[in-house]
1. Since residue B:154 meets every condition but one in (1) assigned to a loop (DSSP other than H, G, I, E, B); (2) in contact with a strand residue (DSSP E or B) (Cβ under 6 Å, 6 or more places away or on another chain); (3) under 15 Å from residue A:188 (Cα atoms), which condition does it not meet?
2. Might you check whether a residue that is under 29 Å from residue B:21 (Cβ atoms) and crowded, with 21+ Cβ neighbours inside 10 Å occurs anywhere in the range B:153-163?
3. Can you name the helices (runs of 4 or more DSSP H) wholly within the range A:180-246 that have at least 3 residues being within 19 Å of the chain's Cα centre (by Cα) and away from every other protein chain (no Cβ under 14 Å)?
4. Residues that are in contact with a strand residue (DSSP E or B) (Cβ under 6 Å, 6 or more places away or on another chain) and surrounded by fewer than 23 Cβ atoms within 10 Å (Cβ to Cβ): does the range B:42-54 have at least one?
5. Would you tally the residues in the range A:35-57 being at pLDDT 80 or above and surrounded by 11 or more Cβ atoms within 10 Å (Cβ to Cβ)?
6. Consider the range B:123-142. How many of its residues are more than 12 Å from chain A (Cβ to nearest Cβ) and farther than 18 Å from residue B:156 by Cβ?
7. Looking at (1) more than 27 Å from residue A:208 (Cα to Cα); (2) assigned to a helix (DSSP H, G or I), find the lone condition where residue B:122 falls short.
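The values are calculated or read from the model by the stated rules, or taken from the named source; none is laboratory data. Because the structure is predicted, anything quoted here is derived from the model rather than measured. Cβ coordinates were reconstructed from backbone atoms using ideal geometry, including for glycine residues, and neighbour counts include every protein chain displayed.
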């Protein structure tokens, strides 16, 4: 326990102080760990004693398949994944912006009548509610929904990424908008700027550089998500990986997975470099 | 400066009746009743946390009242519809210790925002996307010229020095030509030269008809105003001309404020600056004053 050694005067001697709150937290964490491990059948012995199939699977991946046909399929899959992630982030950002603007707490309504307050609260809560739904449903579930509605292919995958991105970005945008220094915004309002004007000239300019950075980060996340959306038939390289797995074509799987890792790392690096430059 | 046309569509007579504002259990303003005539100039002094900034926030309806009322031109400020409130606020110009400009926008756009209250939706979009239109931009150029920043119109505000930013804030006032100027410790963070320049412009605007209410930490500057109002613990302790504000009264006003002493011994300039520095820090902690 990290409690500082405290000498209680009058009690005599140094007695380590035990904080019952910390003890309780430790107990709860330990309890949850045991409960969860039991629930999922967590077994290290099984992992290492039955490692044969894993070993076989991995060894069968080598050497990876570098035939022209496989490389072509990999290239197509990667490109598709890239396109899906980019469009998904872009559409998501465009949809997120107005929702974030509505879902941002504006200046206090000092002295406003109840009906005015209500009128302002409705769009706020509506936008927040929509964003929460968009965000809390994972993109792979959105992909399932759109595949059922629109059929297989990268288009439903792109829509799935767009909806989920809109939810995530909308929340992050509105948090950024709310966190900007409020004094300049208040100053604008106190000289007669409307809510829209103080948003446009006060909050937005102060938040804009963060918006770009957040959107790039969401694109990064979309690249990662897009690789698995293919598992439910929503296009991208994941679809190729799934097909090759089902055909036990492990060398091809190796090429596809390897290419995916390289692209994800490259986009990560690129986006991080751009974002570093944006900060001022 | 040539002539300052003052729009008389708005009557800026102010009257406060028993205004009380509390933050939790702490009273920031307690039963404050004052009247300010159009065109008056009035300096407000008081120790840190005396309620000076809260008074300003009440005058723009930026804080809820716990008692009393404020009327502007004979109308109850706290009962105005949001449209009428906008009309009243449009005629109020503000300038703060912390400038409160939008750091990412250019100095020119910040000055142009003096007219934000008068802009329609179309003009708002235009200024946002393409910058001020020729008419407004001419006013902005003239205003920036007047404060000596003619060449800084396109500079990003955050790249300007503190004194320059405060002059941009003055340029914003010049563009706005408000009927009521609320200046919240505008000199606390700027150099003496800027102080004189800003004060001069504020007084010129006042001479042209704008009511000027100014919060000051510096009693010597306050003495240059015809009327001084002193607040202590949210109450009006003094309201009158500087000639009857004596040392005993000042001692009462600042009693218990560790950042200001009003003994007659000459105060070393460095020590004085240090005290003002401390005062600023303290003001920041009270959560009321502008930062």
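1. Unmet for residue B:154, out of (1) assigned to a loop (DSSP other than H, G, I, E, B); (2) in contact with a strand residue (DSSP E or B) (Cβ under 6 Å, 6 or more places away or on another chain); (3) under 15 Å from residue A:188 (Cα atoms): (3).
2. Among the residues of the range B:153-163, not one is under 29 Å from residue B:21 (Cβ atoms) and crowded, with 21+ Cβ neighbours inside 10 Å, which makes the answer no.
3. Answer list for the range A:180-246: A:204-229.
4. Yes, that holds for at least one residue.
5. Summing the residues that are at pLDDT 80 or above and surrounded by 11 or more Cβ atoms within 10 Å (Cβ to Cβ) in the range A:35-57 gives 3.
6. 7
7. For residue B:122, the failing item is (1).
Condition check ((1) surrounded by fewer than 20 Cβ atoms within 10 Å (Cβ to Cβ); (2) touching a residue at least 60 places away in the same chain (Cβ under 8 Å)) across all residues:
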{"site": "A:101", "(1), (2)": "no, yes"}
{"site": "A:116", "(1), (2)": "yes, no"}
{"site": "A:128", "(1), (2)": "yes, no"}
{"site": "A:201", "(1), (2)": "no, no"}
